[in-house]
1. Could you please give the count of residues in segment 60-75 that are surrounded by 14 or more Cβ atoms within 10 Å (Cβ to Cβ), out of contact with any Phe, Trp or Tyr (no Cβ under 7 Å at 6 or more places or on another chain) and touching a residue at least 24 places away in the same chain (Cβ under 8 Å)?
2. For a quick check of your reading of the model, give me the residue pairs whose first member lies in segment 5-24 and is of a type in the set (Val, Ile, Thr), whose second is open to solvent by 20 Å² or more (accessible area, probe 1.4 Å), with beta-carbon atoms closer than 6 Å and at least 6 apart or on different chains.
3. Restricted to segment 14-50, and to residues that are more than 13 Å from the chain's Cα centre (by Cα) and among the hydrophobic types (A, V, I, L, M, F, W, C), which residue is surrounded by the fewest Cβ atoms within 10 Å (Cβ to Cβ)?
4. Could you list, in sequence order, all residues of segment 11-36 that are in contact with a Leu (Cβ under 7 Å, 6 or more places away or on another chain) and either closer than 21 Å to Arg101 by Cα or of a type outside the set (A, V, I, L, M, F, W, C) (or both)?
5. Taking the criterion of being out of contact with any Asp or Glu (no Cβ under 9 Å at 6 or more places or on another chain), surrounded by 14 or more Cβ atoms within 10 Å (Cβ to Cβ), at pLDDT below 95 and of a type outside the set (Val, Ile, Thr), would at least one residue in segment 76-87 satisfy it?
6. Give the residue that is most open to solvent (accessible area, probe 1.4 Å), with candidates limited to residues of segment 121-170 that are under 20 Å from Thr83 (Cβ atoms) and in contact with a strand residue (DSSP E or B) (Cβ under 8 Å, 6 or more places away or on another chain).
7. Has segment 88-100 got at least one residue that is open to solvent by 20 Å² or more (accessible area, probe 1.4 Å), assigned to a loop (DSSP other than H, G, I, E, B), modelled with pLDDT under 95 and within 24 Å of Met20 (Cα to Cα)?
Amino acid sequence: MASVLIREAKEGDCGNILRMIRELAEYEKLSDQVKINEEALRADGFGENPFFHCLVAEILPAPGEPQGPCMVGYGLYYFIYSTWTGRNIYLEDIYVKPEYRGQGIGSKIIKKVAEVALDNGCSQFRLAVLDWNKRAVDLYKALGARDLTEAEGWHSFRFEGEAMRELAGK
């Protein structure tokens, strides 16, 4: 296999990241929920106070090959806080293009997020996965993650749109 580099995303990567966000949404059968655009990614991830951070996975060309690196995956994360355990990191998205799956690239992204978490004093690394995505569930468990729905019975909830406006009185 060619060499894989996991690196911090740069502002110029936003177009490729957005394409992969759309591919992930299509894979998850949730394409209609993608509302983000490239400009928002730039503003929200690369401004003075970023709302998220992102790693990208690149396949590096072999010596002498004319083409440059090829972006094949990403991991988008942000920091959260637990009143019980303090600093945490949340991996919002992890995606590897289908033709590059099964080569350990996703594991490398996850391991790099864990490294970032530890470097920033985080006590937990959290993520969520759709219940039907057995391949991802199996990978996370193999890497040592605990399924909180099974272990503790936690359910994930979300307020959005009209429910959020109504809740806020707006």
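1. 4
2. Ile6/Lys108; Ile6/Lys112
3. Restricting to residues being more than 13 Å from the chain's Cα centre (by Cα) and among the hydrophobic types (A, V, I, L, M, F, W, C), the top hit is Leu30.
4. Ile17, Leu18, Glu28
5. Within segment 76-87 (the criterion being out of contact with any Asp or Glu (no Cβ under 9 Å at 6 or more places or on another chain), surrounded by 14 or more Cβ atoms within 10 Å (Cβ to Cβ), at pLDDT below 95 and of a type outside the set (Val, Ile, Thr)), the answer is no, since none of the residues qualifies.
6. Looking at the filtered set, the residue picked out is Arg126.
7. No.
Per-residue answers, yes or no, for (1) in a loop (DSSP other than H, G, I, E, B); (2) more than 21 Å from Val113 (Cβ to Cβ):
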position: Val4; (1), (2): no, no
position: Gly15; (1), (2): no, yes
position: Ile21; (1), (2): no, no
position: Leu24; (1), (2): no, no
position: Lys29; (1), (2): yes, yes
position: Glu39; (1), (2): no, yes
position: Glu48; (1), (2): yes, yes
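The values are calculated or read from the model by the stated rules, or taken from the named source; none is laboratory data. None of these values were measured; they are calculated from a predicted model. All Cβ positions, glycine included, derive from the backbone under ideal geometry; neighbour counts span all protein chains shown. Ligands, DNA and RNA are stripped out before the accessible areas are found, and what is left, the full protein with its side chains, is counted by its heavy atoms. Shrake-Rupley method; radii C 1.70, N 1.55, O 1.52, S 1.80 Å.
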